[in-house]
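The next block holds one structure in the form of structure tokens; read it before the comments.
Rule-based calculations on the coordinates, nothing more; no lab input. Predicted model, so just to flag it, every value in this text is computed and none were measured. Counting neighbours? That spans all protein chains shown, and the Cβs are built from the backbone with ideal geometry, glycine included.
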Amino acid sequence: MVDLALTAEQQEMRDLARDFARREIRPVAAEYDRSGEIPWPVLEKANAIGLLSWGLPEAYGGGGVPGGLVGVANFVVMEELAWGCAGIATAIGSSVYAAGPILAFGTEEQRRRFIPRFCDPDAVRLGALCVTEPQGGSDVGAMRTTFRRDGDEYVLDGTKCFITNGGIADLHIVFAVDRPGAGWGAWLRSSSSATTPA
Ligand SMILES: Cc1cc2nc3c(=O)[nH]c(=O)nc-3n(C[C@H](O)[C@H](O)[C@H](O)COP(=O)(O)OP(=O)(O)OC[C@H]3O[C@@H](n4cnc5c(N)ncnc54)[C@H](O)[C@@H]3O)c2cc1C
């Protein structure tokens, strides 16, 4: 039989997130909706108690909660934060999302260089995962944003949209292809090579 009960650690995370949503998010959510401002004070408080980096490995300064981005704890925490405000919850969770490709495809040098910046309790540094484009989001095989190498740099050319923390993030992870229209195969090859440059 499958045991679906939350572990003690998952319950602790859920309670922390629920308490944070009740005290810090819900009271201000409507006002941020109206003003359209970035909720920096909320993000700073969330960061101070580790909510921006709890899903990142301890080796890079994160909370090391098992499963990280795809673990049960992530869904439990995000559900509680989204009860406070879906938009603020997404902003809080985005650094862990942005770190995902670096952890999955990056070199160890890149992980040590980029991941710890999300794990500083004294400074909010947001991540942004840039996949969606005006013509589509889930169909990454149709992606049009291109990259090309120019000396020691990569040049990106394209348009992204609906990017959580886009433009205000400390680090943007941009998905791009070298041959638009080549379908899934091109995307898989490009996404692994695009993480290679420093
Ligand atoms: C609050 C919010 C925050 C977001 N944050 C981010 C972010 O940080 N970064 C980011 O990159 N994006 C972000 N997005 C965008 C989100 O990831 C996309 O909206 C999502 O991937 C779906 O893409 P789409 O809206 O273009 O829908 P589509 O991709 O156009 O999909 C619409 C429908 O078409 C279907 N479909 C898609 N492709 C095919 C196909 N080839 N064949 C048959 N059916 C297909 C899908 O299953 C779906 O039912 C955010 C969106 C929201 C609402």
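Helix content alone sets the calculated 222 nm mean residue ellipticity of the chain: runs of n ≥ 4 DSSP H residues at -39500 (n - 2.57) each, divided across all residues, give -13000 deg cm²/dmol. Take every Cα pair under 8 Å whose residues are at least 6 apart in sequence, average their separation, divide by the length of the chain, and the relative contact order is 18 percent. For the chain, the longest principal axis of the alpha carbon atoms and the long axis of helix 26-35 meet at an angle near 40°. Taking the number of Cβ atoms within 10 Å of each Cβ as an exposure proxy, the fewest-first ranking of E44, E37 is E37, E44. Considering only Y154, V42, A128, the residue lying farthest towards the positive end of the dipole of the chain is Y154, judged by Cα position with unit charges set on Cβ. If a/c stays under 1.5 just call it rounded; otherwise compare a/b with b/c (prolate if a/b is bigger, oblate if not). Do that for segment 59-169, with a ≥ b ≥ c from the square roots of the Cα gyration tensor eigenvalues. Note, shape of segment 59-169 comes out oblate. FRET efficiency for the pair R148 and M1, taken as 1/(1 + (r/R0)^6) with r the Cβ-Cβ distance and R0 = 45 Å, rounds to 0.25.
Legend: P(r) of the chain from all alpha carbon pair distances, 5 Å bins from 0, whole percents, reading 1, 8, 14, 18, 18, 15, 12, 8, 4, 1, 0, 0.
Between 0 and 90 degrees, rounded to the nearest ten: what's the tilt of helix 72-84 against the longest Cα principal axis of the chain? Orientation of helix 72-84: about 70 degrees from the principal axis. With axes computed from alpha carbons, what is the tilt in degrees of helix 184-193 against the longest principal axis of the chain, rounded to the nearest 10 within 0 to 90? Orientation of helix 184-193: about 80 degrees from the principal axis.
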